[in-house]
Amino acid sequence: MEEAGHGSWTYCVDLAPEDGKRKTRRRGGFATRAEAVREMKAVLNGELRGVYEDRRVTVGSFLRQWLAVKKEELAPNTYAGYEACVERDLIPAFGHNRLPDLRPKHIECWIADQRKAKRGKVTVYRIVSTLRNTLNHAVRSWGLRYNPAKHSVPARPRAEERTCWTPDEAATFLRHNTEHYADQLTDLFEVMLGTGMRRGEILALHWSDVHLMDRKLYVRWTLAAIDNGKIHLREPKTEAGRAWISLSARVMAALHRQAAIQMNAHPEGRLEGLVFAKPDGLPLRPQWVLDQLRKRTTELGLPRIGLHDLRHTAASIMIAENIPIAVVSKTLRHSTLALTVNLYGHLLKDSADEAVTALASALDRADAHVASPADPATGYRFGQAA
């Protein structure tokens, strides 16, 4: 331990050797000898226990370090969501705390304040979940002994039930588009409702992935807009998302119309680039497409829905037509069947009625079989065909 001048203290300590080489840690800039001693003891204790809690690291600096790591791993729009959560909420709330000093009571008090301010339950849940995830990273990297947010995350709010159109409402909307607009959005909405494609998938669809002769298209890309600004094309999140989609006659007709329009505009060229795009070939902005959906929906007085609800509408119509849930799951390209059941299980009440009715009928038949006395001589039951 030594005084480094200018009123600061420095400690120097030998640690366990690595690869046979001596390892020395030297740190300075401590205001008092006691502070330097406390930090040196923490380093030695960390060497002994395998966890080193650096008291000079604040929650704010750690969160920004975590963001820097995640930037290379996450899709741009996912990263933007995390960044907004960290900079807008977590750092103002907890950033001044030293990382080892953050306690559950700090998090619980913040949650209580948000509830008093009538902050949305889903928003609070997402913020605290993000904090828990970042601190889990600190624990896994041996920078914290325990995660103070581990038990502080509120119960996940029940997801609001999505609004879906009935088949009549969907058909009315599509006919209205055809009769009053007959534009590329008319065909875009037809493809979305006819395939259950996601918003980002339809806006990133390229002609090179459309195989009209085979009546199929391949989902290879998805589009994301950061704060409705910069647009990114990337691969789908899951392996299940990259898959072939079969095309109905209605969807085929919509794609043929778009192909004819683009071929007429560029008679010397081939079909290339995006299927649905601006005149200059750039992607359509998701917010503009949503605005058009809502405008045309309002004209008809239909229930207000979002672009993703067109996908839910396609799923609900398939289920209403008694398509097996496993086939619906495959068509929607969900990663697991359980995800489909969780999303649309409430729509299966009629199927459940049919299932329990069939079960009861089978038991009734078996019960009648068991109740019929057998002829001791032949072994046949009365009423049983020989």
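The values are calculated or read from the model by the stated rules, or taken from the named source; none is laboratory data. Worth saying up front: this structure is predicted, and the values here are computed from it rather than measured. Counting neighbours? That spans all protein chains shown, and the Cβs are built from the backbone with ideal geometry, glycine included. The area values use the complete protein model at the heavy-atom level, side chains included, leaving out ligands, DNA and RNA. Shrake-Rupley method; radii C 1.70, N 1.55, O 1.52, S 1.80 Å.
Identify, by number, the condition in (1) closer than 27 Å to Thr313 by Cβ; (2) not in a helix (DSSP H, G or I) that Asn147 doesn't meet.
Tallying (1) closer than 27 Å to Thr313 by Cβ; (2) not in a helix (DSSP H, G or I), Asn147 fails exactly one: (1).
Regarding Arg285, is this residue basic (Lys, Arg) and at pLDDT 90 or above? Can you show your working first?
Details: basic (Lys, Arg): yes; at pLDDT 90 or above: yes.
In short, yes.
Residue by residue through region 219-241, note down the ones that are touching a Pro at 6+ places or on another chain (Cβ under 9 Å) and either at pLDDT 90 or above or among the polar types (S, T, N, Q) (or both).
Narrowing region 219-241 to residues touching a Pro at 6+ places or on another chain (Cβ under 9 Å): 219-226, 228, 230-234.
The answer is Val219, Arg220, Trp221, Thr222, Leu223, Asn228.
In region 170-279, which helices (runs of 4 or more DSSP H) lie fully inside it and hold 1 or more residues that are open to solvent by 80 Å² or more (accessible area, probe 1.4 Å) and either in contact with a strand residue (DSSP E or B) (Cβ under 7 Å, 6 or more places away or on another chain) or over 29 Å from Leu302 (Cα atoms) (or both)? If you could, list the steps in order and put the result at the bottom.
On the way: elements: 184-195, 199-203, 249-265.
Passing ranges, in order: 249-265.
With the requirement that a residue be in contact with a Phe, Trp or Tyr (Cβ under 7 Å, 6 or more places away or on another chain) and modelled with pLDDT of 90 or more, what does region 259-277 give you? Spell out how you get there, then give the answer.
So in region 259-277, the residues in contact with a Phe, Trp or Tyr (Cβ under 7 Å, 6 or more places away or on another chain) come out as 271-273, 275.
Once the filter is applied, which keeps residues that are in contact with a Phe, Trp or Tyr (Cβ under 7 Å, 6 or more places away or on another chain) and modelled with pLDDT of 90 or more, region 259-277 yields Gly273, Val275.
Looking only at region 291-316, filter to residues that are in a helix (DSSP H, G or I) and open to solvent by 30 Å² or more (accessible area, probe 1.4 Å); which one of those is nearest to Thr172 (Cα to Cα)?
Within region 291-316, the match that is nearest to Thr172 (Cα to Cα) is Leu300.
With the requirement that a residue be surrounded by fewer than 19 Cβ atoms within 10 Å (Cβ to Cβ), assigned to a loop (DSSP other than H, G, I, E, B) and of a type outside the set (Lys, Arg), what does region 153-169 give you?
Quick first cut of region 153-169, residues surrounded by fewer than 19 Cβ atoms within 10 Å (Cβ to Cβ) only: 154-163, 166-169.
Of the ones still in play, those that are also assigned to a loop (DSSP other than H, G, I, E, B) are 154-163, 166.
Result: Pro154, Ala155, Pro157, Ala159, Glu160, Glu161, Thr163, Thr166.
If we only count helices (runs of 4 or more DSSP H) wholly inside region 1-89, which ones have 3 or more residues that are surrounded by 15 or more Cβ atoms within 10 Å (Cβ to Cβ) and either of a type in the set (Phe, Trp, Tyr) or modelled with pLDDT of 85 or more (or both)?
It comes to 59-70, 76-85.
Against the definition (buried (at least 16 other Cβ atoms within 10 Å of the Cβ) and in a loop (DSSP other than H, G, I, E, B)), how does Ile319 come out, yes or no? Before the answer, list the steps.
Values: buried (at least 16 other Cβ atoms within 10 Å of the Cβ): yes; in a loop (DSSP other than H, G, I, E, B): no.
For Ile319, the condition - buried (at least 16 other Cβ atoms within 10 Å of the Cβ) and in a loop (DSSP other than H, G, I, E, B) - is not met.
Look through region 93-107, keep the residues that are charged (D, E, K, R) and in a helix (DSSP H, G or I), and return whichever of them is least open to solvent (accessible area, probe 1.4 Å). Show your work before the answer.
Step one: filter region 93-107 for residues charged (D, E, K, R), giving 98, 101, 103, 105.
Cutting the leftovers down to in a helix (DSSP H, G or I) gives us 101, 105.
Values: Asp101: 49, Lys105: 134 Å².
Filtering region 93-107 for residues that are charged (D, E, K, R) and in a helix (DSSP H, G or I), the one least open to solvent (accessible area, probe 1.4 Å) comes out as Asp101.
Of the residues in region 322-352, how many are closer than 30 Å to Asp183 by Cα, open to solvent by less than 40 Å² (accessible area, probe 1.4 Å) and not basic (Lys, Arg)?
Within region 322-352, the first condition is being closer than 30 Å to Asp183 by Cα, and the residues that meet it are 328, 331-333.
With open to solvent by less than 40 Å² (accessible area, probe 1.4 Å) added as a condition, the list becomes 328, 332-333.
Narrowing further to those that are not basic (Lys, Arg): 328, 332.
Adding up the residues that qualify gives 2.
Arg132 versus (1) surrounded by 15 or more Cβ atoms within 10 Å (Cβ to Cβ); (2) in a helix (DSSP H, G or I); (3) in contact with a helix residue (DSSP H, G or I) (Cβ under 8 Å, 6 or more places away or on another chain); (4) not polar (S, T, N, Q): which is the lone unmet condition?
That leaves (3) as the condition not met.
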